[in-house]
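Please treat every number below as a calculation from the coordinates, not as lab data. Computed from a predicted model, the values in this text were never measured in an experiment. Every residue, glycine as well, gets a Cβ built from its backbone with ideal geometry; the counts of neighbours run over all protein chains shown.
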Amino acid sequence: MGNLNFPDGFLWGASTAAYQIEGSWNKDGKGESVWDRFTHRKYTIRNGDTGDDACDHYRLMPKDVALMEELGLKSYRFSIAWTRVLPGGRGKINPKGLGFYDRLVDRLLRAGIMPNATLNHWDFPQALEDLGGWPNRDSADWFADYARVVFERLGDRVPMWATHNEPFVAAFLGYATGIFPPGVSDYSLGFRAAHHMLLAHGKAVDAYRHGGYRGKIGIVVDHPNIVPASRGKADVAAWRRVFFSNQGLLLEGVFNGRYMEDVMDWIGPMKPEVRAGDMEQISRPIDFLGINHYRTDVVSANSRGGFFKAITEKYSAPGWGETDMEWGIDPQGMTEVLKGIRDRYGNPPVYITENGCAFEDRPDSKGYVEDWGRVDYLRAHIRAVHRAISEGCDVRGYYIWSLMDNFEWARGFEPRFGIVRTDYKTMRRIPKLSARWYYDVIAQNGIDE
Ligand code: IFM
């Protein structure tokens, strides 16, 4: 069997997010986030789980960095909790909170691991939510001010920044369907939130450029492979509505400085107010696009399909089943997404900032898990990234979601995405078979054919 080699300098890493792993939700001056408030309400999260303790990473961080070094990671993607840095969302800085990220970054650098920091992975400050949250246009300035504080402290050492992680998950699940905090169900608020998050992104990019920092800045979008169920007019139109009012809204805004007119017309009175200069602000040049990819979705027109008059169904490629998230597995979907970005948006530098799967672990008596299912999933998706590169896509790196099992939002701790097992009783970390396998991939900068 031959080896599929990746370009020199290809960045291999693993990802996490603050609320999902840190715990210590109210320690050392941290303020309350919308996720703290939401999980403390009854019946919001499976089994009543919360991120209060999560994986206790806030306290175990030095050990976790040592583990990353053992696993051979070249880069670690993490997010910064806005409310650790600015407990009230704006105003007074919390030195202990900022100090935590300072120490994390220094430790990573000492271990030879490149820090890749995300400013917003959904844990918006509750104090600002009380002022209207993302649907309040001022949120764009609140975010830029927060970004400036973080850049000033860490900008000299963190070479790679993302403004938001999957902003529209927070916007639509938070304000349109209400499954995530703040739990509001109003599509017009969802679109308003989405527009302001993009404005916030553009303003944070400006803040970074004005600061003269030498790293890269971009944004991360969740990007399933979304395809129409048929070539029929109705299915294609339904696909357009679904895609261009979500992933496509972001991509068109950021890369082309526009929202699709027909989609906006269809959204009608729910569409966000776009003021003069907004689209220029949103489309400031970025250095990379982060893609979080997990699955393929098939869209068909259906008058009973809710707001979008469309039904979205999962798809599994022949021979592949689905994961514990009930997402179909379709490795070729990864190649298709990357080719779509190449063709539509001028082949920008792309990093796969998340890819991975949740499966039920069956640990042995020592807690070790032989997760062959995960290895199969990862191997097939990494091969799919390689195919995209060989077809000219400018992919520069790949991060597994996730470094360790963690708090999977509304589904609590049940789904296990880690290549490292978290024993939630003892907080022990136990690398799974997939972590050993990934070590070899990184060491060889390649994968078997
Ligand atoms: O856990 C999440 C992560 O926070 C964002 N992307 C998808 C992952 C799996 O659902």
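Loop-located chymotrypsin sites (Phe, Trp or Tyr not before Pro) across the stretch 1-107 with a Cβ neighbour count of 11 or fewer within 10 Å are 43, with loop assigned by DSSP.
In this structure, the amide hydrogen of residue 217, modeled 1.01 Å from its nitrogen in the peptide plane, lies closer than 5 angstrom to those of 161, 287, 288, counting only residues at least 5 positions away or on a different chain.
Listed values for the stretch 311-317 are Karplus-derived 3J(HN,Hα) couplings in whole Hz (6.51 cos²θ - 1.76 cosθ + 1.60, θ = phi - 60°), namely 10, 10, 10, 6, 10, 10, 5, and x replaces Gly and Pro. Between residue 362 and residue 185, residue separation times 0.36 nm minus the direct Cα-Cα distance comes to 59.9 nm. The length gained by stretching the chain between residue 309 and residue 70 to full extension, at 0.36 nm per residue less their Cα-Cα distance, is 81.1 nm. Of the GluC sites (Glu not before Pro) found in the stretch 344-437, those in coil by DSSP whose Cβ has at most 11 other Cβ atoms within 10 Å are 391.
By the count of other C-beta atoms within 10 Å, a proxy for reagent exposure, 68, 270 are ordered fewest to most as 270, 68.
Coupling constants for the stretch 275-282 follow from the phi torsions by the Karplus curve (6.51 cos²θ - 1.76 cosθ + 1.60, θ = phi - 60°), and in residue order they are 8, 3, x, 4, 5, 5, 4, 5 Hz; glycine and proline get x. Cross-link partners for residue 425 among the lysines, with Cα-Cα distance under 21 Å and sequence neighbours closer than 8 places in the same chain left out: 27, 63, 366. In terms of other Cβ atoms within 10 Å, 210, 40, 196 run from fewest to most in the order 210, 40, 196.
Be a star and scan the stretch 1-29 for residues whose amide nitrogen sits under 19 Å from the point 7 Å along the Cα-to-Cβ vector of residue 443. In the stretch 1-29, the label zone of residue 443 (backbone N under 19 Å from the point 7 Å along Cα→Cβ) covers 1-6, 9-14. Just tell me which lysines come within less than 26 Å, Cα to Cα, of residue 271; anything on the same chain fewer than 8 places away is out. Leaving aside lysines fewer than 8 places away in the same chain, those within reach of residue 271 are 203, 233, 309.
Ranked by how many other Cβ atoms sit within 10 Å of their own Cβ, fewest first, the residues 134, 437, 401 fall in the order 437, 401, 134. Looking at the chain alone, DSSP beta bridges between its own residues are antiparallel in about 30 percent of cases. The alpha carbon centroids of the stretch 4-33 and the stretch 399-449 are separated by 13 Å.
Between residue 231 and residue 156, the modelled label-to-label distance comes to 6.0 nm, taking each label 7 Å out from Cα in the direction of the beta carbon. What separates the Cα centres of the stretch 108-154 and the stretch 200-234 is a distance of 16 Å.
Segment residue 274..residue 372, full-extension length gain: 30.4 nm, with 0.36 nm per residue of separation and the alpha-carbon distance subtracted. Computed from the Cα positions only, the extents of the stretch 198-292 along the three principal axes stand at 50, 29, 16 Å, in decreasing order. State whether the stretch 296-449 is rounded, prolate or oblate according to the following rule on the C-alpha gyration tensor (a ≥ b ≥ c being the square roots of its eigenvalues): a/c under 1.5 gives rounded; otherwise a/b larger than b/c gives prolate, and the remaining case gives oblate. Oblate, because a/c is 1.5 or more while a/b does not exceed b/c. The lysines within cross-link reach of residue 30, meaning a Cα-to-Cα straight distance under 16 Å and a gap of 8 or more places when in the same chain, are 92, 96. Please list, by residue number, everything in the stretch 182-218 whose backbone N is under 18 Å from a paramagnetic label point 7 Å out along Cα→Cβ of residue 345. Output list for this probe position: 194-206, 216-218.
For the pair residue 92 and residue 5, label points projected 7 Å from Cα toward Cβ lie 5.7 nm apart. Taking the DSSP beta bridges with both ends in the stretch 310-439, the antiparallel portion is around 55 percent.
Using θ = phi - 60° in the Karplus curve 6.51 cos²θ - 1.76 cosθ + 1.60, the 3J(HN,Hα) couplings for the stretch 218-225 round to x, 9, 10, 10, 7, 9, x, 7 Hz; x is entered for Gly and Pro.
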